[in-house]
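J.: I am attaching a structure below and will ask some questions about it afterwards.
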Amino acid sequence: MTEIPTRQHRPAEPDGPGVTPGPASTSVTRRRGLPRWTLLVAGVLLGGALGGAYGVKKPPTYTATSYVIAVPTEKSDPAPALGFAQAYGRVATQLAVLEDAQVRAGVPVRTLQRSVQTATSPDAPMVAVSATSSRPGLAAGMANAVSRSLTEHANATRARTHVELLEFSPAMKPTAPSSPSPKVTGLVGASAGGLLGGLVLLVRPRRGTDSARTGSVPNPATAADARGQL
């Protein structure tokens, strides 16, 4: 009986210096780049620089506040004064009041609508009228003008409401700006930049997961080797 010689397989020789590396060797070789946390640091530095520049270029703003108080007349119950103070706080920014205040303030109605805000207290019958401007004197002038106009409109109907509005404290010229300083805007910008950098790191895929998914696939055996193994 004639024996069929079997093909002996030689062990695979390691890749030499002149041999092209296989898939396994290429998967081991990784491109070394910057660490992942450098994106977070870059976001913090960039956000802080932009926030600080915004705080330096933006002109400072000043806020002045005047207070008026609602008091009952001699023939009225003191309890409704609190409710009227809440109503006067909403009326203070209406067009009828601002049209009379623009003459005293020396600014158009649109400026008053954009710069004046009111606040009331649930415990005291008091209305706070605040005005904001890049000039301290103008901020105080707008707050006092709106307060006086509101007082005149409220006192015109005190015979029916039995509540009158009195000036409690006029607005004074502010000495310090109410807008945030460049340090504060820089910190806010750095926090926002760090947050965005962290979100990018979370969304960005890692290199390790990509290389793990791309595993080395062995080459299929040839037909001759398969017949030799039978």
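The values are calculated or read from the model by the stated rules, or taken from the named source; none is laboratory data. All values derive from a computational prediction rather than experimental measurement. FYI the Cβ positions are ideal-geometry reconstructions off the backbone, even for glycines, and counts take in every protein chain you see. The area values use the complete protein model at the heavy-atom level, side chains included, leaving out ligands, DNA and RNA. Shrake-Rupley method; radii C 1.70, N 1.55, O 1.52, S 1.80 Å.
J.: Starting from the 7 Å offset along Cα-to-Cβ, what nm value, one decimal, do you get for the label separation of residue 167 and residue 53?
T.: The answer from the label model is 4.6 nm.
J.: Working with all protein chains in place, sort 183, 173 by solvent-accessible area computed with a 1.4 Å probe, largest first. List each step's numbers first, then the result.
T.: Numbers: 183 165, 173 140 Å².
I get 183, 173, largest accessible area first.
J.: What is the extension gain from residue 95 to residue 176, computed as 0.36 nm multiplied by their sequence separation minus the C-alpha to C-alpha distance, in nm to one decimal?
T.: Numbers: separation 81, 0.36 × 81 = 29.16 nm, distance 3.00 nm.
Working it through step by step, the gained length comes to 26.2 nm.
J.: Quick check: net charge around residue 100, other residues with Cβ under 9 Å of its Cβ, Lys/Arg +1 and Asp/Glu -1?
T.: Residues near residue 100 contribute 0 overall.
J.: A follow-up question, please. Per 5 Å bin, what is the whole-percent P(r) computed from every C-alpha pair distance within segment 71-138?
T.: 3, 16, 22, 19, 15, 12, 8, 4, 0
J.: Determine the order of 135, 104 by accessible area, beginning with the largest, at a probe radius of 1.4 Å.
T.: Working: 135 140, 104 110 Å².
Descending accessible area places them as 135, 104.
J.: Nearest 20 debye, what's the magnitude of the dipole of segment 120-169 about its Cα centre given +1 on Lys and Arg Cβ and -1 on Asp and Glu Cβ?
T.: On the way: 4 positive and 4 negative charges, 30 e Å.
About 140 debye.
J.: Say the dipole of segment 90-200 comes from +1 at the beta carbon of Lys and Arg and -1 at that of Asp and Glu; which of 108, 188, 144 then lies farthest toward its positive end?
T.: It is 188, whose Cα lies furthest towards the positive end.
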